[in-house]
Structures are given as C-alpha cells and as structure tokens.
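Written below as structure tokens is the structure these notes are about.
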Amino acid sequence: MAKITYKHPNGTVTVVDVTAPNTVMRGAKLNDVDGIEAQCGGSAQCGTCHVYIDEANTLPLPEMDSVEDDVLYGTACPRQDSSRLSCQLPVSDALDGLLVHLPEAQS
Ligand code: FES
C-alpha cells in the first residue's frame, strides 16, 4: 500500500491509500479524487489522466513507453518534463509518498 498525494491546481491536497495492483489513476477514481477523468479507462488512449510528477520526486517510476509518450502530446494542459499518464503508473509500496500535481483541465 502507498499513500499517494494529489495536489489540485488551487493548492488543496487529497491523500489516499492505494493498494497494488491499482494505478495512480485508479487510486484517484476509487477515492473520488476530482481532476482525473480517465475516459478510456486506463488503456493509454485518452490522455485525460494526465498528471505532473512533483519535481522533488525521487521514487522509482516506470520508464515511459512510446504509446504514453505519444498520448502526452495531446493532453488538454501543456506537456511538461514531469508529465505522465497516471494510468501508466502502477502503485507499489515503493511509491509510498508519491506527490502528483493535477492539471487545470483534462479535456
Ligand atoms: S485513462 Fe486514458 S490515457 Fe490514462
């Protein structure tokens, strides 16, 4: 289990416990965290689960594959170096303490 923090654009934070094999996206949806739409249900097609990984993050995240890389060019808010699709981030104990920033809009 990992505590994942979702920081909203207005500065408020929501902290939830997420268990494997859920993803950072699924953790938000299961806990009614606003700001992640996930229209495709986690198949890396819609880009509406876009998050920005906190710049201070040192936790081990999986490498981005070419599909995620392509989808991130079509997100509603600008892609940044820290951009990831939260549906492509599987949660494990190793991600305990992860902080992600939610974009202003997803679609
Ligand atoms: S939920 Fe659609 S790309 Fe992640």
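The values are calculated or read from the model by the stated rules, or taken from the named source; none is laboratory data. Remember, it's a predicted structure, so these values are computed and weren't measured experimentally. We place every Cβ from the backbone using ideal geometry, glycine too, and count neighbours over all the protein chains shown. Ligands, DNA and RNA are stripped out before the accessible areas are found, and what is left, the full protein with its side chains, is counted by its heavy atoms. Shrake-Rupley method; radii C 1.70, N 1.55, O 1.52, S 1.80 Å.
Structural remarks
- Any hit, the stretch 55-69, residues being among the small types (Gly, Ala, Ser) and within 16 Å of the ligand (Cβ to nearest atom): yes
- Evaluation of GLN39 against (1) crowded, with 17+ Cβ neighbours inside 10 Å; (2) touching a residue at least 12 places away in the same chain (Cβ under 8 Å) (one fails), failing number: (1)
- Some residue of the stretch 95-104 being open to solvent by less than 30 Å² (accessible area, probe 1.4 Å) and more than 15 Å from the ligand (Cβ to nearest atom): yes
- Residue satisfying condition, being among the basic types (Lys, Arg) and more than 14 Å from TYR6 (Cβ to Cβ), within set ARG84, ARG79: ARG79
- Sole residue being more than 18 Å from SER83 (Cβ to Cβ), more than 16 Å from the ligand (Cβ to nearest atom) and at pLDDT 95 or above, chosen from ASN31, ASN10: ASN10
- When VAL71, VAL51 are checked against the criterion of being surrounded by 14 or more Cβ atoms within 10 Å (Cβ to Cβ), at pLDDT 95 or above, in contact with a helix residue (DSSP H, G or I) (Cβ under 6 Å, 6 or more places away or on another chain) and not in a loop (DSSP other than H, G, I, E, B), VAL51 stands alone in meeting it.
- Scan of the stretch 74-89 for residues that are open to solvent by less than 40 Å² (accessible area, probe 1.4 Å) and not hydrophobic (A, V, I, L, M, F, W, C), ordered by number: THR75, SER82, SER83, ARG84, SER86
- Qualifying residue in the stretch 7-23 (condition: farther than 16 Å from GLN106 by Cβ and open to solvent by less than 20 Å² (accessible area, probe 1.4 Å)): yes
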